[in-house]
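The values are calculated or read from the model by the stated rules, or taken from the named source; none is laboratory data. Treat the numbers as computed from the prediction; the structure is a model and nothing was measured. All Cβ positions, glycine included, derive from the backbone under ideal geometry; neighbour counts span all protein chains shown.
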Ligand code: SAH
Ligand code: SF4
Ligand code: F3S
């Protein structure tokens, strides 16, 4: 389909008529892709003459950028709509936009279940938000088209401020893991041209970014005229850019050149999020992961051979259909064997339309709960061990936000640990040299080395 006229479907009139619009608020659920998209929807609305609001309560337009990955994530949309549709003290309510992966997956159902929603827009169509908002005056507008011409060609310049920025380089997934909705909500794998990415990165650096995280559902499948490793090499040449990260990678696409980049490019941070999902090759096969326990571990060996200090992170699903206690024991053992610096773990959630939803041997909820608790204990123990092992390291941290106590700041180490530090005179966005002096489950403590104190005091 082409053009917003063909794509925008006008549905039944919503009963309450929304107020004239001026201030927007975008609320983000889900993964980094949505964080990027939320920021870009803000850019689109700003370019259309709207101004940002501090909270949903102050906004005339509220965009809910939703996630469909697990049932609980998807249900958040409906509880938020329930709150937003209640009239405010002056009788008004905001224009409600349902965006993101729930909008893509069940747009028509949103219209039925939540008549207060004014605009439904998918993650590949939000560059058309201004037209949809105009079409929504008195009627619902919906656009869940997956246009051939990518949204990136139609987005305005970035307004991003701040030391750290996300940059979407690739979107979509062709892998079709049997549990996952992403290939349906984000479409097939598509890479942005390298030239556009280099230009966007230059603009981010000019606006103060010292760290860029390249993001994609399968970021290491990037193929925008060059490989991800080549793109990283190009970006590493930008003066002013000090740190490069990328996420999320698929084990199948960890090419030799990307592994070599971890040895050759100092600005590429020694951290890799490489989800394995399960330690059991039998379950990995049922998940259609296209890797085994052994091939995954072999990939990590190749990485560690060139970059011994690399910190690893992963995602795990417990209670996939057919998972036995022995399969789960394999997951616990891979956690111990890899020594993850951190990891995310989830109970398998049945997603309508995915192959695993109709598999036999669904695991009872109580078993999932119990396995999740054991896995999380193992992951936490691993994170503590990693943080304790880093005590004594001298390294740089990028200051990101104020800490809990007055005078405290929180920065990120190259290994993505949160480091709590007190540096009088330092500002958010500064890169400072510290010694790590203590390790906890979720953070480390650091002290600045003396030259920084002198500089900060000067
Ligand atoms: N593209 C990335 C991550 C996609 S979603 C990858 O392949 O690794 C992020 C994580 O959510 C996944 O790694 C997986 O652990 C989890 N996840 C996806 N679908 C799920 C489901 N149906 N139930 C529970 N967890 C799920
Ligand atoms: Fe989902 Fe698998 Fe694609 Fe990751 S690789 S987005 S888990 S289908
Ligand atoms: Fe969720 Fe969509 Fe990301 S389903 S995890 S927001 S790609």
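For the range 301-322, enumerate the residues that are part of a strand (DSSP E or B) and either outside the structural domain of residue 385 (by TED's automatic domain parsing) or surrounded by fewer than 20 Cβ atoms within 10 Å (Cβ to Cβ) (or both). Hit for the range 301-322 is 315, nothing else. If you go through the range 158-177 and keep only what is near ligand 1 (Cβ under 9 Å from one of its atoms) and touching a helix residue (DSSP H, G or I) at 6+ places or on another chain (Cβ under 6 Å), you end up with just 173.
This table checks each residue for (1) within 16 Å of ligand 3 (Cβ to nearest atom); (2) modelled with pLDDT of 95 or more; (3) more than 30 Å from residue 351 (Cα to Cα).
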position	(1), (2), (3)
49	no, no, yes
53	no, yes, yes
62	no, yes, no
98	yes, yes, no
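Of the strands (runs of 3 or more DSSP E) lying entirely inside the range 323-412, those containing at least 2 residues that are within 20 Å of residue 437 (Cβ to Cβ) are 394-402, 408-412.
So that you can scan it fast, the table gives a plain yes or no per residue for (1) over 17 Å from the mean Cα position of the chain (by Cα); (2) away from ligand 2 (no atom under 16 Å from the Cβ):
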residue: 65; (1), (2): no, yes
residue: 81; (1), (2): yes, yes
residue: 91; (1), (2): yes, yes
residue: 100; (1), (2): no, no
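For the range 263-284, which positions are away from ligand 1 (no atom under 15 Å from the Cβ) and over 14 Å from residue 310 (Cβ atoms)? Those that are away from ligand 1 (no atom under 15 Å from the Cβ) and over 14 Å from residue 310 (Cβ atoms): 267, 281, 282. For residue 277, the conditions (1) closer than 20 Å to residue 380 by Cα; (2) within 23 Å of the chain's Cα centre (by Cα); (3) surrounded by fewer than 18 Cβ atoms within 10 Å (Cβ to Cβ) all hold with the exception of (3).
Apart from one condition, residue 68 fits all of (1) assigned to a loop (DSSP other than H, G, I, E, B); (2) modelled with pLDDT of 95 or more; (3) in contact with a strand residue (DSSP E or B) (Cβ under 7 Å, 6 or more places away or on another chain); the exception is (3).
When residue 443 is tested against (1) under 23 Å from residue 262 (Cα atoms); (2) touching a residue at least 40 places away in the same chain (Cβ under 8 Å), only condition (1) is not met. Inspect the range 198-209 for any residue being within 16 Å of ligand 2 (Cβ to nearest atom) and either in a helix (DSSP H, G or I) or at negative phi (or both) and give the result as yes or no. No.
The residues of the range 210-230 that are buried (at least 18 other Cβ atoms within 10 Å of the Cβ), in contact with a helix residue (DSSP H, G or I) (Cβ under 8 Å, 6 or more places away or on another chain) and over 20 Å from residue 150 (Cα atoms), listed by number, are 212, 213, 229.
Screening residue 381 on (1) modelled with pLDDT under 95; (2) surrounded by fewer than 18 Cβ atoms within 10 Å (Cβ to Cβ) shows it passes everything except condition (1). Looking only at the range 142-156, decide whether some residue is farther than 24 Å from residue 66 by Cα and either more than 16 Å from ligand 3 (Cβ to nearest atom) or surrounded by fewer than 18 Cβ atoms within 10 Å (Cβ to Cβ) (or both). No, the range 142-156 contains no residue that is farther than 24 Å from residue 66 by Cα and either more than 16 Å from ligand 3 (Cβ to nearest atom) or surrounded by fewer than 18 Cβ atoms within 10 Å (Cβ to Cβ) (or both).
Yes/no per residue for (1) out of contact with any helix residue (DSSP H, G or I) (no Cβ under 9 Å at 6 or more places or on another chain); (2) surrounded by fewer than 18 Cβ atoms within 10 Å (Cβ to Cβ); (3) within 30 Å of residue 200 (Cα to Cα):
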position: 34; (1), (2), (3): no, no, yes
position: 54; (1), (2), (3): yes, yes, yes
position: 58; (1), (2), (3): yes, yes, no
position: 71; (1), (2), (3): yes, yes, no
position: 80; (1), (2), (3): no, no, no
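The one condition from (1) part of a strand (DSSP E or B); (2) closer than 22 Å to residue 271 by Cβ; (3) touching a residue at least 60 places away in the same chain (Cβ under 8 Å) that residue 217 does not meet is (1).
Pairing each residue of the range 343-361 that is closer than 22 Å to residue 279 by Cβ and at pLDDT below 95 with any residue that is in a loop (DSSP other than H, G, I, E, B) and within 15 Å of ligand 2 (Cβ to nearest atom), provided the two are 6+ apart or on different chains, yields no C-beta distance under 7 Å.
Of all residues in the range 417-429, exactly one satisfies the criterion of being crowded, with 19+ Cβ neighbours inside 10 Å and touching a residue at least 40 places away in the same chain (Cβ under 8 Å), namely 417.
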